Amino acid sequence: MRPSPSAAVLSVLLLAALGCAPVEDEEPSSTSPAPSAADACAPEKLPLLKPGTLTVGTDSPAFDPWFSRNDPTNGQGFESAVAYSVAEELGFSPDQVTWVTVPFNSSYKPGAKNFDFDINQISITPARAEVVDFSDGYYEAAQAVLALEGTPGAGAKTLDDLKGLRLGAQTGTTSLTAIRDVIQPEADPLVFEDTNAAKQALQSDQVDAILADLPTAFFISAVEIPNSTIVGQFQPETGQQEEFGMLFEKGSDLVPCVNEALAALERDGTLADLRQRWLSDAVSVPELQ
C-alpha cells in the first residue's frame, strides 16, 4: 500500500529533525590553538629578573676583544655585540638591557643569580653544568700559549717542551685546568686573580709563559705586549674545542628562548659576521702536539 501524502510529509519532517539532533558522543572541537614557542618567548612572557628589562652580567674589567674600552654597554667587542644581538632577537631595545658586574669565579657558583644571563668567556663544562645552566655554545676557542720573544717559553714546539717551564693562568679558568691536566708541568702553575695580573707576571719574568683562550692571546700579543708571541695552540685531550656559553641560574626557563635567538643569529649569518669582525683568525697559529 502506498503511503498517503500526509504520511510521506510526516516522514520527511521526522528525518530532518533527527538530522539536526545533537550527537552526544562527539567531543566539541577547540578553536584555541596551542601556544607556540614564539608566544612563549614574547618579551612580556619571559621569566626575567625585572619585567621589561634584560639583565646581563659580566666581569670587570671587561677585556678586549670580547668587550671594548672596559665598557660592555657600548655594543663593541664580540661578547657585547652578541649580547645585544640576542636581546634584539628576544624583542628588547638597547635601552632595555642592563649590565651588572659579576666576578668570573662567582658566576658559576650555585645559588640565585642577580642576572638573567652572564656572558664572559665561560666554558661549558660538566662540573659547572651541575650547578648552573648554559645556553648552546656561541664560540669555540682553543687554548693558546703566550711568551715573550727570545725567552725559553717562545722556543717551545710541543706540549712536552712546556713541562719544564714556569706556567701561569687566571684562577678558575679552563686555561688553568689545561695546564694541570693536559700539560702537567713539573712545577705547580702560578695562579692569578685576573688576566691583567697574568700579563704583569709574564712581563716581570715571574713566569715563562701564560695560557689564555686564543682570541685573548691574539689581542695581548698584538696590542698589549707587542714583544710577546703566541707559541702555539692546542685542544683538550678529547680533541674537541671548548665552547663558550651564556650562563643562567640552574633551572632557568629563559634558556630555550636564548637558544632560539642564538640559532636564528647563526642561521642569518650574524654570529659569523661578529666573529669575523672582532676575533682573529687562528689559521696561522701552530698546533702544539
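The values are calculated or read from the model by the stated rules, or taken from the named source; none is laboratory data. What you see is a predicted model, and the numbers here were worked out from it, not measured in a lab. Virtual Cβ from ideal backbone geometry, glycine too; neighbours counted across all protein chains shown. SASA here: full protein model, heavy atoms, side chains in, ligands and nucleic acids out. Shrake-Rupley method; radii C 1.70, N 1.55, O 1.52, S 1.80 Å.
Quick look at the numbers
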| read-out | value |
| --- | --- |
| Principal axes of the stretch 109-225: Cα extent on each, largest first, Å | 46, 30, 23 |
| Cβ-based net charge around residue 141, under 9 Å, with every Lys or Arg adding one and every Asp or Glu removing one | -4 |
| Among 165, 127, 146 - extreme Cα towards positive end, dipole of the stretch 110-182, charges at beta-carbon | 165 |
| Accessible area expressed per residue, the stretch 118-203, with surrounding protein chains retained (probe 1.4 Å, Å²) | 43 |
| Percent carbon-and-sulfur accessible area, the stretch 90-182, ignoring ligands, DNA and RNA, probe 1.4 Å | 51 |
| Mean Cα-pair separation over length for the stretch 139-280, i.e. relative contact order, pairs under 8 Å, 6 or more apart, % | 33 |
| Set of the stretch 151-173 residues, backbone N closer than 19 Å to the point 7 Å along the Cα-Cβ line of residue 289 | 155-163 |
| Length-normalised contact order for the stretch 176-244 - Cα pairs under 8 Å, 6+ apart - percent | 22 |
